[in-house]
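Accompanying notes for the structure given below.
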Amino acid sequence: MTHPFLDLAPLSAARFAAIEDRVARLLATDQDVVIMQGEALLPLEGAIRGTAGPGTTALNVVTGPYGQTFGNWLRDCGARVIDLAVPFHTAVTADQVRDAFAEHPEIDFVSLVHAEAATGNTNHAAEIGAVVREHGALFYLDAVASIAAEPVLPNAWGVDLCVIGAQKAMGGPAGVSAISVSGRAWQRMAANPGAPRRSYLSLLDWKERWTDGGRRVLPHAPAQLEMLALEACVERIEREGLEAVMARHAAAAAATRA
């Protein structure tokens, strides 16, 4: 007995890389994009553990439950954490971030959730990113709920680590996720003695075994069905047009609120 989900040809390294390239185009970025074989919590945690450590002073913006989680991970890594918390029915402002830098100029890492799935609020990542760039800190952005619902532009906003998942506004699978990584972020990981290695959380393992090798040999067996679902999801967005997809989500949000 045959079944289309069971009788699939192996997913090649070339096709895996092509899907990464399509995700990079979705993000309008020339940064390295790594598709990780797990739900978005995998790259969210891996990026923090790869770049933060005892010498890190992190400004952790808390506008919902995920910000609280990021603060816990940062503290677990040994980072000094300064929480910028606001009521969950509001968003943080660029001025509040600027004030935090004025009070703590040693901040070298900023973590932010772009859109809060739990509350429906959006933090102004572009404006906050401009402040972070002024101070030279590393900018980590959770864009899992915002991708395909509103613009997500890592290059334009100076985002060093931008994590997305397909299971929300993209309408895709939950079993794979992606992260764009700037050159500065790779350098921070390489210099971090506590960065995970030989670990499922390790972004450096992906860089050395996959990206730096020209993406010719996959480091392990891919989650084939989820990768094909992600490919189909991105194809659908490309076919409809990202602007049209975002407009549809905006209309649905307005109708729900009304």
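The table below gives the values:
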| item | result |
| --- | --- |
| Criterion violated by Glu116 - all others in (1) among the acidic types (Asp, Glu); (2) within 19 Å of Met246 (Cα to Cα); (3) at pLDDT 95 or above satisfied | (3) |
| Residue count for region 222-254, restricted to those that are closer than 22 Å to Thr122 by Cα, open to solvent by 70 Å² or more (accessible area, probe 1.4 Å) and of a type outside the set (Lys, Arg) | 1 |
| Some residue of region 80-91 being open to solvent by 10 Å² or more (accessible area, probe 1.4 Å), of a type in the set (A, V, I, L, M) and touching a residue at least 40 places away in the same chain (Cβ under 8 Å) | no |
| Close pairs (6 angstrom Cβ cut-off, 6 or more residues apart or separate chains): at pLDDT 95 or above in region 222-240, β-branched (Val, Ile, Thr) and assigned to a helix (DSSP H, G or I) anywhere | Glu231/Ile19; Ile237/Val245 |
| Qualifying positions in region 103-156 - free of Cβ contacts under 8 Å to residues at least 40 places away in the same chain, surrounded by fewer than 21 Cβ atoms within 10 Å (Cβ to Cβ) and farther than 22 Å from Gly50 by Cα | Glu103, Pro105, Thr122, His124, Ala126, Glu127, Ala130, Glu134 |
| Tabulated pairs, region 64-75, first at pLDDT 95 or above, second assigned to a helix (DSSP H, G or I) and open to solvent by less than 10 Å² (accessible area, probe 1.4 Å), C-beta under 9 angstrom, 6+ apart or interchain | Thr69/Leu44; Phe70/Leu44; Phe70/Ile48; Trp73/Leu44; Trp73/Ile48; Leu74/Ile48 |
| Test for Ala52: is it open to solvent by 10 Å² or more (accessible area, probe 1.4 Å) and not charged (D, E, K, R) | no |
| Residues satisfying the stated conditions in region 189-199, i.e. more than 13 Å from Ala52 (Cα to Cα) and touching a Leu at 6+ places or on another chain (Cβ under 7 Å) | Arg197 |
| Flag for Val159 being open to solvent by less than 40 Å² (accessible area, probe 1.4 Å), part of a loop (DSSP other than H, G, I, E, B) and touching a strand residue (DSSP E or B) at 6+ places or on another chain (Cβ under 6 Å) | yes |
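The values are calculated or read from the model by the stated rules, or taken from the named source; none is laboratory data. Values in this document were obtained by computation on a predicted structure and should not be read as measured data. Cβ: placed from backbone, ideal geometry, glycine included. Neighbour counts: every protein chain shown. Heads up: the accessible areas ignore ligands, DNA and RNA and are worked out on the full protein's heavy atoms, side chains in. Shrake-Rupley method; radii C 1.70, N 1.55, O 1.52, S 1.80 Å.
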